[in-house]
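Asker: So that we are looking at the same thing, I have put the structure below in structure tokens.
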Amino acid sequence: MNIKELYKNIILDHGTSPRNRFRLQNFNHETIGSNPLCGDKVHIFFNVIDDLIDQISFVGEGCAICIASSSVMTEVLQNKSKKEVVAISKYFINVIINKNHTFPNFLEQDNKTKLDSFMSIGEFPTRIKCATLPWIAIESELEKKSK
Amino acid sequence: MIKNIKEEFPIFKNKINGKDLVYLDSANSSQKPQSVIDAVSFFYSNEFANVGRGIYTLAVNASDKYEKTRSNLKKFIGASSDCEIIFTKNATESLNLVASCFGEKFIEKNDEIILTETEHHANYVPWDFLRKRKGAIIKFLPIDEDGNLKVDELEKLISNKTKIISITHMSNVTGAITPLEKIIEIAKKNNIPVCVDGTQGAAHLDIDIKKMNCDFYAFSGHKMYGPTGVGLLAIKYKWLEAFDPFMGGGGMIDYVTKKNIAYARGVWKMEAGTMPTAEVVALNESINFINKIGKKNIIEHEKKLTQIALEKLRSNNSVRIIAKPKNQGGVFSFNINNIHSHDVSTILDQEGIAVRGGHHCCQVLHEVLKINSSVRVSFGVYNNESDIDALCDGIKKCQKIFKK
């Protein structure tokens, strides 16, 4: 596969100019995703009001794929319910790993396009964790809180 | 001699992602010459038996070959008669052996261990076990902004509680060669034993253990063109006598009864269970391989490549070399502005170039240098100037992809 398939414009854009990269003033959830092998680390903050993510941001260090994934995540999960977050996270991970996935019908088309741009990462097995890191972190935070 | 050396390494006949392999990760592990690969195959095909146990012909011959590697290794590192070599799994196990056996007998609460800020995790984590288990204190000899150890500060770190100094022979990130002579002189003046992590030194630097006068020198076969699965520990005999066994099992005993167990003496005390026999035997071929080229030629070759590479990379304004040591071996690390080391290594990989991205098991060093990660280039005998040109082209490709 051509390397340009991996570094698509949308990934380069979010990877080099990430959105929502700051620490939220008010948040009631935070979680850290880290990869001890490479030192990538993202710290995610989000505020849930009436089961909906009102605000979400992140800070961290990592490769373009990890930062792009975190940035896209903060855009896509805006105003989503906890249940929807888990469904979108599963969709994203499936997009990369299985390429065989069911599109959650509540997901907007432009958000789907953003997530689908990570599809070719599946062809680079050593980089899958870079993309899934923030998603696994937020999923485990929500699972922890719901127990 | 070094000119056509690539031909002795069959891996370079293969294409990686459709490109010729440019292997720049010898600090991680070196590639293997055909003679070493053949030695593994020949031993299994014709001579295999377990060592140190059977009294049949095959077992005796296998034991002889195994011990021949040991005696050749002693010559290779210039060991004196009061120094032995123990076979382990890797240099990490060798360092764990020293920390564990030394710590068990000689480290008490508040005793001090001196390491440096450049250590690989393999020469930090085993000592951290003693910090947790015994309440020991770890002190770090700092580096200056160029990555040189501040040796002048060593005496200040030493106290009457200092029990051991454990230091690398060469940084696996910056390529800085440790001024061991000076450090060991200070240590000996204060009667402190010294353990050297020689993982990067063994195949790439001059080693004369007798002259060096260290108490322990840990290294591994796979970084010296030899097989994986063999680690080495050169150890002064007095410590071998003083230490309790690191692991228990077959082969390391003198006798066993229901009431008592007596351990074997010498190196056998530390080699429990079946050892990586074929690998140890084949390691002899890697010693022959290095000797055939000559250490002096290897050092010269790798230092020259490093200087050429650094000069070329420095002409690229977006490349930052992360240190500038006074005395540097065939290793250096860099970053490209605004491009993470993992993105660089993925893009280079598509060009057939193997480099390492990340912290290279040296998180303390990266923290001190205030960087998250870096791209590491490390040379071996098989590298040449065209590899450096490929690297420079690869770096330009990274910049092109990331250019908005």
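Asker: Name, by its number, the condition in (1) at pLDDT 95 or above; (2) surrounded by fewer than 16 Cβ atoms within 10 Å (Cβ to Cβ) that does not hold for B:Gly250.
Answerer: B:Gly250 satisfies every listed condition except (1).
Asker: Got a number for residues in segment B:168-220 being surrounded by fewer than 20 Cβ atoms within 10 Å (Cβ to Cβ), under 19 Å from B:Phe243 (Cβ atoms) and among the β-branched types (Val, Ile, Thr)?
Answerer: Qualifying residue count for the region: 1.
Asker: Which number in (1) assigned by TED's automatic domain parsing to the domain that holds B:Ala203; (2) in contact (Cβ under 8 Å) with a residue 60 or more places away in the chain marks the one condition that B:Gly54 misses?
Answerer: Of everything listed in (1) assigned by TED's automatic domain parsing to the domain that holds B:Ala203; (2) in contact (Cβ under 8 Å) with a residue 60 or more places away in the chain, B:Gly54 misses just condition (2).
Asker: Here's another thing I want to ask about it. So which of B:Lys295, B:Lys304 ends up being among the charged types (D, E, K, R) and farther than 27 Å from B:Thr228 by Cβ?
Answerer: After ruling out the rest, the residue left standing is B:Lys304.
Asker: Out of all the residues in segment B:73-87, is one or more in a loop (DSSP other than H, G, I, E, B), in the same structural domain as B:Glu271 (by TED's automatic domain parsing), within 19 Å of the chain's Cα centre (by Cα) and on the phi > 0 side of the Ramachandran plot?
Answerer: Scanning segment B:73-87, I find at least one residue that is in a loop (DSSP other than H, G, I, E, B), in the same structural domain as B:Glu271 (by TED's automatic domain parsing), within 19 Å of the chain's Cα centre (by Cα) and on the phi > 0 side of the Ramachandran plot, so the answer is yes.
Asker: Taking only pairs six or more apart or across chains, which ones have beta-carbon atoms under 7 Å, a first residue in segment B:333-356 that is assigned by TED's automatic domain parsing to the domain that holds B:Ser315 and farther than 14 Å from B:Ile322 by Cβ, and a second residue that is in a helix (DSSP H, G or I) and charged (D, E, K, R)?
Answerer: From residues that are assigned by TED's automatic domain parsing to the domain that holds B:Ser315 and farther than 14 Å from B:Ile322 by Cβ, the pairs are B:Thr346/A:Arg127; B:Ile347/B:Lys397; B:Glu351/B:Lys397.
Asker: Identify all residues within segment B:245-263 that are farther than 23 Å from B:Leu233 by Cβ and assigned to a loop (DSSP other than H, G, I, E, B); write none if there are none.
Answerer: B:Thr257, B:Lys258, B:Lys259, B:Asn260
Asker: If you don't mind, another one. Could you check segment A:120-135 and list, in sequence order, the residues that are crowded, with 16+ Cβ neighbours inside 10 Å and without any contact (Cβ under 8 Å) to a residue 60 or more places away in the chain?
Answerer: Matches in segment A:120-135: A:Gly122, A:Ile128.
Asker: Considering only segment B:97-215, give the strands (runs of 3 or more DSSP E) lying wholly within it that have at least 1 residues that are farther than 19 Å from B:Ile235 by Cα.
Answerer: The qualifying strands (runs of 3 or more DSSP E) are B:112-116, B:137-141, B:162-168.
Asker: Next question, about the same structure. If you take just the helices (runs of 4 or more DSSP H) that sit entirely in segment A:39-147, which of them hold at least 2 residues that are touching a Cys at 6+ places or on another chain (Cβ under 7 Å)?
Answerer: A:64-76, A:128-146
The values are calculated or read from the model by the stated rules, or taken from the named source; none is laboratory data. Computed from a predicted structure; not experimentally measured. Cβ coordinates were reconstructed from backbone atoms using ideal geometry, including for glycine residues, and neighbour counts include every protein chain displayed.
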